[in-house]
Amino acid sequence: MSNTIANKLIVTNSLWIISEKGIRLILGILVIGLVARHLGTALFGQLNFSLAVLAVAVVVASVGLNRIVTREVVEAAGNESIRSEIVSTAFFLRLAATIFILALLFTYSYFFLSQNQTLFFLVVASLLFNPFDAIDLHQQGLAQVKGIAVIRSGIFIVASLTKISLVYTEVSAIWFFAFVFIEHALVAVCFYVFIVTRNGRGFLSVKRCKWGKGVSILRESWPEVIAGLGGILFMRLDQIMLQFMQGAESVGIYSAAVRISEAWYFFPIAIISASFPKIIQLRDGVAERYEDAMVILFSGLVGIAAFAILFFLLFSDQIVGLVFGPEFSESALILQVHCLTAVFILMGSASGSWLAAERKLIWNLHRNLFGLVVNIVLNVILIERYGALGAAIATLVSAFSAYYLFDLLSPKLRFMFRIKSQAIFTLGIYGVIRAKKHSSLT
């Protein structure tokens, strides 16, 4: 594939992903604000605690396959039979993990959960539909995400409009918990119809599942499972620990800030997702082009993050007041602290793609566990003293530790530390210079 065609595919797929996520951002902020006002801090905190547990469960049930499946599909792009085996194997591995984890969560909620068990399980039962994300990974590997983006956007719009109508008709809180399940179910059904329509009913089937291939993939992916768990825990553990140490209202105040702080991540994450296949291709080519691609990507991410951070630092009070109302006024200061994590989270996501391309996912495990340890220690200390603000500080420091400091401490990752430092200390300008140099040579 020529560089021109590959670059066009990156731009095209980035635009489709960004379009989908952009719709989610605009409607999502409106819906989150209305739902939060309707539920109040306590119930909104319960909803976000349940969503935090779901996020952790999704990572474990995905058994570390996300980047690996995308990579395998890229390498088998011209062979539909092999792609079918990859997707089917990933689907049924995830399904087995999902059933096991749901059993554990049901047991936990029945015996140990103090909040409303029905509300909690309505949310976490959405995990049943996690295996269908293998179809999304397949389309990412083919750089053909238009259909997936349309499905996600369409369902999100319908669900969002329905939630808005539920707020104005003042229905019971249970409906807002139930809609998490309903939305996931609709996405799964549409994904299945999509892949059957494009590739036939047999493309995703137990007959195509290769358990030997699955064992081989799991041998590579197990560090990614633990790494992903470590990563999501130090991003969501704050809400879980707040629930147990401070109560649901504190979770609600904190979650309001986090929802806004992370709402715009769709834009840089779309760029990372669309660039991943190209990075894999460049790895086996000219070393300088490979490094240039990494420098430009990281610099672009830092530049985008810098603009977002400045915006939140200047207008956090107005944003929180407009979206959530005076009941959530404490969220403004938390937003100012939490938004700083964006630089490190985005660099962590991009460098995770690099580690997958290099088949060095064990280092993703090490750095995420390092960040998790830092996060746990700081949460224990800071939540007790500063409540939700302490959780935000703990998240910031742990993200810095895992996705930047760890590279300095690990000799094999100094290459990545250098690229990240160049991007951070020049606010992305170094990447522009490298991009101009690269374009002049071609």
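The values are calculated or read from the model by the stated rules, or taken from the named source; none is laboratory data. Not measured: the values here are computed from a predicted model. Cβ placement follows ideal geometry from the backbone for every residue including glycine, while neighbour counts extend to all protein chains displayed.
Of note:
- The set of residues from segment 356-392 being among the acidic types (D, E) and either in contact with a Phe, Trp or Tyr (Cβ under 8 Å, 6 or more places away or on another chain) or within 30 Å of Q336 (Cβ to Cβ) (or both) comprises just one member, E384.
- Within segment 356-368, being surrounded by fewer than 20 Cβ atoms within 10 Å (Cβ to Cβ) and of a type in the set (A, V, I, L, M) holds for one residue alone: I362.
- Verdict on E85 being acidic (D, E), surrounded by fewer than 22 Cβ atoms within 10 Å (Cβ to Cβ) and assigned to a helix (DSSP H, G or I): yes
- Among residues of segment 85-109 that are under 26 Å from G202 (Cα atoms), those with a beta-carbon under 8 Å from a residue that is surrounded by 20 or more Cβ atoms within 10 Å (Cβ to Cβ) and of a type in the set (S, T, Y) at least six positions away or on a different chain give the pairs R94/S62; A97/S62.
- Number of positions in segment 386-417 that are at pLDDT 90 or above and either among the basic types (K, R) or on the phi > 0 side of the Ramachandran plot (or both): 1
- Entirely in segment 337-442, the helices (runs of 4 or more DSSP H) that have 1 or more residues that are under 25 Å from F276 (Cβ atoms), free of Cβ contacts under 8 Å to residues at least 12 places away in the same chain and not polar (S, T, N, Q): 342-357, 406-409, 414-425, 429-441
- Highlighted here are the helices (runs of 4 or more DSSP H) found entirely within segment 104-183 that include at least 3 residues which are among the small types (G, A, S) and crowded, with 18+ Cβ neighbours inside 10 Å: 146-168.
- Yes/no for F181 being at pLDDT 90 or above, in contact with a Phe, Trp or Tyr (Cβ under 8 Å, 6 or more places away or on another chain) and hydrophobic (A, V, I, L, M, F, W, C): no
- Looking only at residues in segment 369-385 that are within 21 Å of V225 (Cβ to Cβ) and either out of contact with any Ser or Thr (no Cβ under 9 Å at 6 or more places or on another chain) or aromatic (F, W, Y) (or both), the one that is modelled with the highest pLDDT is F370.
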